[in-house]
1. What distance in nm lies between label points placed 7 Å from Cα along the C-beta direction at THR24 and LEU45?
2. Karplus couplings for the stretch 62-70 from phi (6.51 cos²θ - 1.76 cosθ + 1.60, θ = phi - 60°), rounded to Hz, Gly and Pro as x?
3. Using r as the Cβ-Cβ distance of TRP11 and PHE33, and R0 as 35 Å, what FRET efficiency do you calculate, to the nearest 0.05?
4. Would you kindly derive the ³J(HN,Hα) couplings of the stretch 44-58 from the backbone phi angles with the Karplus curve 6.51 cos²θ - 1.76 cosθ + 1.60 (θ = phi - 60°), listing them in order in whole Hz, with x for Gly and Pro?
5. Scattering from the C-alpha atoms of the stretch 35-77 alone, worked out with Debye: what is log10 I(q)/I(0) at q = 0.13, 0.18, 0.29, 0.33 1/Å?
6. Just from its helices, what would the mean residue ellipticity at 222 nm be for the chain, if runs of 4 or more DSSP H residues each count -39500 (n - 2.57) and the sum is divided by every residue, rounded to the nearest 500 deg cm²/dmol?
7. Using the Kirkwood radius over C-alpha pairs as Rh, can you work out the diffusion coefficient of the chain via Stokes-Einstein at 10 °C, viscosity 1.306 mPa s, in µm² per second?
Amino acid sequence: MEELARESWWWPYVMILLAGWVATDIWRWLGVFAGGRLREDGELLVWVRCVATALVAGLISKLILFPQGVLAETPMWLRLAAALFGFAVFLTVKQRVIIGVLAAEIFLITGWILIDGGAGTFS
């Protein structure tokens, strides 16, 4: 039995790779085959977009209301202000997500440094 275990030490790694590949590749291939036939304004894609938006909104609200780690050291009003500032920038710059996210991050970090007085930040 020990000899069989020594000879097949690689088997769990193969299973992990195979299961990971199959689980993600199936959806990729379904997307390739169905992508040409789906309408962008169809009910299915509208539903998928709504679910994705709801998941992102839930994640953002969890980060703001129930932060963990270093983010928990920042005051609630600063996290809310950073989110509102980022959203305002997002709307102002023709809804470019990356600029809104970066603006919120810069606002949050700057506010945190100003409140903390720079002492002990990032250490």
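We did not get these values from a lab; they are worked out from the coordinates using the rules stated. Since the structure is predicted, the reported quantities are computational estimates derived from the model, not experimental observations. With ideal geometry, Cβ positions are generated from the backbone for all residues, glycine too; neighbour counts draw on all protein chains shown.
1. That separation, rounded to one decimal, is 2.4 nm.
2. 3J(HN,Hα) across the stretch 62-70, in whole Hz: 5, 5, 7, 7, 10, x, 10, x, 5.
3. Values: r = 32 Å, r/R0 = 0.91.
Working from the Cβ atoms, E equals 0.65.
4. Calculated HN-Hα couplings, in order: 5, 6, 5, 5, 4, 4, 5, 5, 4, 5, 5, 5, 5, 4, x Hz.
5. Debye intensities relative to I(0), on a log10 scale: -0.46, -0.61, -0.95, -1.04.
6. Working: 5 runs with 91 residues, N = 123.
Value at 222 nm, helices only: -25000 deg cm²/dmol.
7. Rounded to a whole number, D works out at 83 µm²/s.
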